[in-house]
Amino acid sequence: MYVRFVLDEPRTHPARGLFRIAYDLAWDPALPEWLRHKLSRAVYWFDTYLAVPTRLHVISRGKRQYRSLCWFRGEAQEHVARGRELARLIAEAGVPTAMLKTAEPDQILYRDAHQIAAKPGPWTRVIA
C-alpha cells in the first residue's frame, strides 16, 4: 500500500501534496509562532530523512510531459506517521488536508526505501 497526504481541494486534479504549502506556512507571519516553529521542525525532518526523487517527469510519446506524484511506501512507518503529523499541523493552520491510499500506482519512475514517484494515470485506484 502507498500513502499520499494532499491538500483537500476538490477542484484540483491531481491533488497537491503538502510540502510546498508547509514551507509557505512555516514562514507565514499571520500564524502563531508556536505553529510556525512546529511546521519548520516537521519540514526540517523531511529535508533530513527523505530524499528528493531524482526522476519526477516523464515525456510520453515525445509530446506530453507528466509530473509524477510522490507516495510514501506503507512500510515506511515513521515517514507515514510524520506525514500524518505534518498534515495535522497544516490543517491546524486552516488548510484542509486528506490522506489518499493506493495499492496500484501507475508507472513508477523512482523508488527508494521510503517512497515512490509514479506517473499519474486515470486507472490508478485511489482510496480516500
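Summed over the stretch 102-113, residues that are surrounded by 15 or more Cβ atoms within 10 Å (Cβ to Cβ) and within 15 Å of the chain's Cα centre (by Cα) total 3. Given the condition closer than 17 Å to residue 116 by Cα, modelled with pLDDT of 95 or more and either over 16 Å from the mean Cα position of the chain (by Cα) or not aliphatic (A, V, I, L, M) (or both), answer yes or no: does some residue in the stretch 8-17 qualify? No, the stretch 8-17 has no match at all. Exactly one condition in (1) under 15 Å from residue 3 (Cβ atoms); (2) at pLDDT 90 or above; (3) not in a strand (DSSP E or B) is not met by residue 72; state its number. For residue 72, the exception is condition (3).
What residue, among those in the stretch 81-101 that are under 11 Å from the mean Cα position of the chain (by Cα) and either over 19 Å from residue 18 (Cα atoms) or of a type in the set (Gly, Ala, Ser) (or both), is surrounded by the most Cβ atoms within 10 Å (Cβ to Cβ)?
Filtering the stretch 81-101 down to residues under 11 Å from the mean Cα position of the chain (by Cα) leaves 83-84, 86-87, 97-100.
Remaining after also requiring either over 19 Å from residue 18 (Cα atoms) or of a type in the set (Gly, Ala, Ser) (or both): 83, 87, 98.
On the way: 83: 24, 87: 22, 98: 15.
Looking at residues that are under 11 Å from the mean Cα position of the chain (by Cα) and either over 19 Å from residue 18 (Cα atoms) or of a type in the set (Gly, Ala, Ser) (or both), I get 83.
For residue 42, the conditions (1) without any contact (Cβ under 8 Å) to a residue 24 or more places away in the chain; (2) closer than 24 Å to residue 77 by Cβ; (3) touching an Asp or Glu at 6+ places or on another chain (Cβ under 9 Å) are fulfilled apart from (1).
Of all residues in the stretch 1-55, exactly one satisfies the criterion of being touching a helix residue (DSSP H, G or I) at 6+ places or on another chain (Cβ under 8 Å), assigned to a loop (DSSP other than H, G, I, E, B) and over 17 Å from residue 90 (Cα atoms), namely 50.
Screening the candidates 104, 85 for the property of being of a type in the set (D, E, K, R) and part of a loop (DSSP other than H, G, I, E, B) yields one hit, 104.
The values are calculated or read from the model by the stated rules, or taken from the named source; none is laboratory data. All of these numbers come straight from a predicted model, not from anything done at the bench. Neighbour counts run over all protein chains shown; Cβ positions are idealised from the backbone, glycine included.
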